[in-house]
Every structure is written in structure tokens, then in C-alpha cells.
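Trainee: One structure, pasted below without further comment.
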Amino acid sequence: MNNDELDFTNPRALRQKAEELLKQKHGETHQPVPAADVKKLLHELQVHQIELEMQNEELRQAYETTESALKNYTMLYDLSPLGYLTLASDGTILELNFTAADMLGERRFSMVGSNFKLFIAEASKPVFNQFLRSVFASHTKESCKVMIGHDQAHLIQVYMEGIVTGDDNKCLLSVVDISNIT
């Protein structure tokens, strides 16, 4: 069993792995230890145990904080009334939320890897292509209005804003349905 497979929440498995590593490190030989050294070692072990318990509590709190942040992120991203997408420079959909998938009339996870340009109406493609080139060239926030949909009969007008992330070179795109706005 390697560390990648070890369940650190299982004390019995953790202890077994630690004993295996100790045997590998020091072998099977046990030499007698003087009583003074035993007391000193016992004290060191007790202090180390307390340190580990404190670290474990800190890790547990960090885990709970991470779980809470993940829940908040999921609520904010996945359930937002705005469509959110992450696009590669060629328009490939890297990520999207449920609202964006709904706007495009497709299931969310089946769209990852497909090209967003396939959902842009023919008349809007020049506008979108210019928008995508500009956002990746300028690395500043760009916007446009285009018609999108899963087929040419069910198009909606949307307002998009996008910006390219620093090192990742991905476009973060927000999409708002404005087809019902007068």
C-alpha cells in the first residue's frame, strides 16, 4: 500500500503503515534502552503526540473551511442566474455552469470539449470571432451582443463579457439573456 492509497482517517491502517515504515527504517533489531533514556523518550513521545493532535485539529478545521468554501462556490457558480463559461482561445468550452448549458439547450457535461462557436448564430459569428480575438489579444474585459442557441430556430439574444486569466490563458465568460429586455 503506498501513500496515495492510504486512508489517513483509518487509525488502524495508519498505525500499520507507520510500523511497516519503522521496520524498514530501523530493521527488526531491538536494543535495550537505559531507564533515563526511556523517560526522556516517553516525554518526547507525549509532546509529539500533543503536537500531532493539535495539527490534526488544525487540519480538520481547514477541511471544514474548504468544504464550506466549496459549497459556497458551487452555489455561486453552478446555480447562478448568469451563464458562466471558461473558453480556450479557439472557443473550446472548458467549463460551464448549468445556466449556460440551459441557454444552449444541451446537457452540461456533454458540452465540455465542444466549441462554443457552434452555438453562435451565423449572423453573429463575425461579432463573436472579433470579441474572442480582442479578449485574448488585450487581456482586458471585452463585451458583445450575439444570438446563441442550440439550433437556428430557438435563438436568444445575449450580452457577453469576457476576460482572460493571467497564467492560464483562458477566457472567463459571463452570458446574460437579454432577449426579453425592452
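The values are calculated or read from the model by the stated rules, or taken from the named source; none is laboratory data. Every value quoted in this text rests on a predicted model; they were computed, and no experiment measured them. Cβ coordinates were reconstructed from backbone atoms using ideal geometry, including for glycine residues, and neighbour counts include every protein chain displayed.
Trainee: If you check Phe119 against the conditions, is it in contact with a His (Cβ under 8 Å, 6 or more places away or on another chain) and free of Cβ contacts under 8 Å to residues at least 60 places away in the same chain?
Mentor: Details: in contact with a His (Cβ under 8 Å, 6 or more places away or on another chain): yes; free of Cβ contacts under 8 Å to residues at least 60 places away in the same chain: yes.
Yes; evaluated as a whole, the condition is true for this residue.
Trainee: Same structure again: Give the residues of region 101-143 that are touching a helix residue (DSSP H, G or I) at 6+ places or on another chain (Cβ under 7 Å) and aliphatic (A, V, I, L, M), sorted by residue number.
Mentor: Residues satisfying the conditions are Ala101, Leu104, Met111, Ile120.
Trainee: Further question on the same structure: Would you mind listing the helices (runs of 4 or more DSSP H) fully within region 49-148 where at least 3 residues are of a type outside the set (D, E, K, R) and either touching a Ser or Thr at 6+ places or on another chain (Cβ under 8 Å) or on the phi > 0 side of the Ramachandran plot (or both)?
Mentor: 125-138
Trainee: Something else: Within region 166-178, is even one residue touching a Leu at 6+ places or on another chain (Cβ under 7 Å), in a loop (DSSP other than H, G, I, E, B) and either among the small types (Gly, Ala, Ser) or assigned by TED's automatic domain parsing to the domain that holds Ser89 (or both)?
Mentor: For region 166-178, residues touching a Leu at 6+ places or on another chain (Cβ under 7 Å), in a loop (DSSP other than H, G, I, E, B) and either among the small types (Gly, Ala, Ser) or assigned by TED's automatic domain parsing to the domain that holds Ser89 (or both): present.
Trainee: Let me ask something else. Would you point out which residue out of Ala13, Ala62, Ala88, Ala69 is among the small types (Gly, Ala, Ser), in contact with a strand residue (DSSP E or B) (Cβ under 8 Å, 6 or more places away or on another chain) and surrounded by 10 or more Cβ atoms within 10 Å (Cβ to Cβ)?
Mentor: Within the list Ala13, Ala62, Ala88, Ala69, the selection yields Ala88.
Trainee: Could we say that Lys145 is of a type in the set (D, E, K, R), over 23 Å from Met75 (Cβ atoms) and touching a residue at least 24 places away in the same chain (Cβ under 8 Å) here?
Mentor: Considered against the rule, which asks whether it is of a type in the set (D, E, K, R), over 23 Å from Met75 (Cβ atoms) and touching a residue at least 24 places away in the same chain (Cβ under 8 Å), Lys145 comes out as yes.
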